[in-house]
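Q: Can you read through this structure? Questions will come right after.
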Amino acid sequence: MMTHVPLLAHGHAKHVLIIGGGDGAMLREVTRHKNVESITMVEIDAGVVSFCRQYLPNHNAGSYDDPRFKLVIDDGVNFVNQTSQTFDVIISDCTDPIGPGESLFTSAFYEGCKRCLNPGGIFVAQNGVCFLQQEEAIDSHRKLSHYFSDVGFYQAAIPTYYGGIMTFAWATDNDALRHLSTEIIRRVFSLLA
């Protein structure tokens with residue numbers, strides 16, 4: 001849900017940034033979109049990528065070897081505030097906002113993401129289980145609203161996650177995405193078939 005919703009809504013994303021996601025699952029799903037030309041993944045811990053690549057090969061399904069993929073070992077906040085690259089979709093596959101993952105829920109991070117998004121780009125991030133982490137969603141909405149004109153959330157059932165219903169933040173300046181026709185939605189979903 002974190003990959004397909006923004007990529008299909010965007011409709012013609014060429015450059016995708018994944019923050020976190022060292023296990024390769026987000027990368028695996030982004031590689032299913034053949035129109036994507038480049039995928040940059042920023043992971044703070046090279047050990048996560050090495051471990052998952054070696055011991056969880058079915059989880060990433062060989063996506064680390066996709067020629068469109070580039071791995072950057074860096075802090076996500078540092079990367080979005082320093083890079084000269086721009087992206088059509090940014091996916092923040094981060095942990096909860098405690099410990100090292102806390103920086104990926106800050107205004108500095110959101111501002112950096114806004115800076116390196118192309119016009120009409122989309123930012124999404126995991127935002128926990130809203131039923132149990134309501135303040136997290138409220139805080140994310142407040143901060144993201146400083147940088148984007150269209151901020152909201154969508155949800156998906158993730159049975160392996162405590163609480164079951166994951167919440168994902170959505171931020172863009174392309175308000176037209178809220179008004180896609182049923183026919184357009186059917187057409188973009190057929191691209192994955």
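Q: Kindly indicate the residue of segment 133-149 that is part of a loop (DSSP other than H, G, I, E, B) and surrounded by 13 or more Cβ atoms within 10 Å (Cβ to Cβ) and also modelled with the lowest pLDDT among those meeting that condition.
A: Here the answer is Q133.
Q: Regarding segment 106-116, can at least one residue be identified that is among the charged types (D, E, K, R) and surrounded by 15 or more Cβ atoms within 10 Å (Cβ to Cβ)? Lay out the reasoning, then the answer.
A: Here is the first cut: in segment 106-116, the ones among the charged types (D, E, K, R) are 111, 114-115.
Then drop every residue that is not surrounded by 15 or more Cβ atoms within 10 Å (Cβ to Cβ), which leaves 111, 114.
Within segment 106-116, one or more residues are among the charged types (D, E, K, R) and surrounded by 15 or more Cβ atoms within 10 Å (Cβ to Cβ).
Q: When you look at R178, is it more than 24 Å from C113 (Cβ to Cβ) and among the basic types (K, R), yes or no? Break it down into steps so the answer makes sense when it comes.
A: Values: more than 24 Å from C113 (Cβ to Cβ): no; among the basic types (K, R): yes.
No: the conditions fail for R178.
Q: With the structure loaded, tell me whether V124 is touching a helix residue (DSSP H, G or I) at 6+ places or on another chain (Cβ under 8 Å), of a type outside the set (G, A, S) and assigned to a strand (DSSP E or B) or whether it fails that test.
A: On the way: touching a helix residue (DSSP H, G or I) at 6+ places or on another chain (Cβ under 8 Å): yes; of a type outside the set (G, A, S): yes; assigned to a strand (DSSP E or B): yes.
In short, yes.
Q: Show the residue pairs that are 6+ apart or on different chains and have beta-carbon atoms under 7 Å apart, the first residue being within segment 155-182 and farther than 21 Å from I138 by Cβ, the second being in a loop (DSSP other than H, G, I, E, B) and at pLDDT 80 or above.
A: As it stands, the answer is D173/F148; D173/S149; D175/S149, since those pairs meet every condition given.
Q: Moving to a separate point now. Looking for something under 21 Å from F87 (Cα atoms) and free of Cβ contacts under 8 Å to residues at least 24 places away in the same chain - is there at least one such residue anywhere in segment 124-144?
A: No: segment 124-144 contains no residue that is under 21 Å from F87 (Cα atoms) and free of Cβ contacts under 8 Å to residues at least 24 places away in the same chain.
Q: Here is a list of conditions, (1) farther than 20 Å from G22 by Cα; (2) out of contact with any Cys (no Cβ under 6 Å at 6 or more places or on another chain); (3) among the aliphatic types (A, V, I, L, M), and A137 meets all of them except one; can you say which number that is?
A: (2)
Q: Among the numbered criteria (1) assigned to a strand (DSSP E or B); (2) loosely packed, with under 13 Cβ neighbours inside 10 Å, which one does P159 miss?
A: That leaves (1) as the condition not met.
Q: Go through (1) part of a strand (DSSP E or B); (2) over 24 Å from D75 (Cβ atoms); (3) of a type outside the set (A, V, I, L, M) for W170 and report which single condition fails.
A: Condition not satisfied by W170: (2).
Q: Any idea which of (1) out of contact with any strand residue (DSSP E or B) (no Cβ under 7 Å at 6 or more places or on another chain); (2) within 13 Å of C113 (Cβ to Cβ); (3) in contact (Cβ under 8 Å) with a residue 40 or more places away in the chain is the one N81 doesn't satisfy?
A: All conditions pass for N81, except number (3).
The values are calculated or read from the model by the stated rules, or taken from the named source; none is laboratory data. Every value quoted in this text rests on a predicted model; they were computed, and no experiment measured them. Neighbour counts run over all protein chains shown; Cβ positions are idealised from the backbone, glycine included.
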